[in-house]
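Enquirer: Sharing a structure, written as structure tokens. Questions coming.
Derivation of every value follows stated rules applied to the coordinates shown; laboratory data play no part. Since we're looking at a predicted model, the values are computed, not measured. Note that each Cβ is placed from the backbone with ideal geometry, even for glycine, and that neighbours are counted across all protein chains shown.
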Amino acid sequence: MSRSQLAKTILLPASPVFIAITLFIAFLLNLQPWGQIVGMPDFVALCLVFWGVHQPRRVGMGTAFCMGLLMDVNNATLFGENALAYAVLSYLAITIHRRVLWFPLRKQVWLVLALLLLTQLIQMFVQFLINDRFSSWLYLLDSCVAAALWPLLTVVLLAPQRRAIDKDLDRPL
């Protein structure tokens with residue numbers, strides 16, 4: 001299937017079960033011990049951006065806040081630090097979701113990068129208020145790696161929603 005055919009396909013609605021599974025898998029990926037290595041992306045944030053852009057009515061700020069609380073417990077950070085950052089991330093993703101979808105994937109990466117960097121800057125600011133010290137700027141490398149994964153994530157997570165190109169007379173869609 002060519003790129004122009006993929007762009008013209010009508011997507012089926014995403015299943016709430018599929019959305020929950022992807023968020024759970026992203027959370028499990030963040031639980032791994034290699035999740036604290038510099039340059040390892042925040043999979044929950046990336047997944048929240050994806051669903052905020054593609055399904056803004058199903059994954060909102062409440063889901064993002066709850067996922068943030070789970071990440072706060074996992075990382076043993078200040079309770080609400082990730083929740084605040086993820087809620088702001090989700091709000092901004094939902095706010096610009098129509099604009100993001102107008103761009104091709106390689107340009108969407110820059111918008112996603114800006115959202116993820118802002119999320120990490122919020123986390124760094126909260127840590128500065130609490131600890132009175134800044135994290136290393138290498139901490140922002142996580143967002144760059146996550147933004148580079150955006151095209152792959154988009155193709156993988158939209159695959160179940162694509163309609164069949166060939167018409168089947170036995171199916172209504």
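Enquirer: Between Ser15 and Trp34, what length in nm is gained on full extension when 0.36 nm per residue of separation is reduced by their alpha carbon distance? Write down the numbers at each step before the final one.
Expert: Details: separation 19, 0.36 × 19 = 6.84 nm, distance 3.00 nm.
Computed gain between Ser15 and Trp34 is 3.8 nm.
Enquirer: Using r as the Cβ-Cβ distance of Leu138 and Ala76, and R0 as 30 Å, what FRET efficiency do you calculate, to the nearest 0.05?
Expert: Details: r = 21 Å, r/R0 = 0.69.
According to the calculation, E is roughly 0.90.
Enquirer: Treating only the Cβ of Lys, Arg, Asp and Glu as charged (+1, +1, -1, -1), what charge dipole size does the chain show about its Cα centre? Round to the nearest 20 debye.
Expert: Details: 13 positive and 8 negative charges, 169 e Å.
Roughly 820 debye, rounded to the nearest 20.
Enquirer: Separate question: I'd like to compare 137-149, 55-67, 77-89: which one has the highest average count of other Cβ atoms within 10 Å, and what's the full order after that? Before the final figure, lay out the partial values.
Expert: Values: 137-149: 16.5, 55-67: 18.1, 77-89: 20.8.
By packing density, highest mean first, the sequence is 77-89, 55-67, 137-149.
Enquirer: Using Cα pairs under 8 angstrom and six or more residues apart, how large is the relative contact order of the chain, in percent? Don't skip to the end; give the middle numbers.
Expert: Values: 183 pairs, mean separation 47.6, N = 173.
Taking the mean separation of contacting Cα pairs over the length of the chain, I get 28 percent.
Enquirer: In Å, what Kirkwood hydrodynamic radius results for the chain from the alpha-carbon pair distances? Could you put the intermediate results ahead of the total?
Expert: Working: mean 1/r = 0.0591 Å⁻¹.
Radius from the Kirkwood sum: 16.9 Å.
Enquirer: Here's another thing I want to ask about it. Using +1 at the Cβ of each Lys and Arg and -1 at the Cβ of each Asp and Glu in the stretch 3-159, identify which of Leu92, Leu11, Thr63 lies farthest towards the dipole's positive end.
Expert: Leu11
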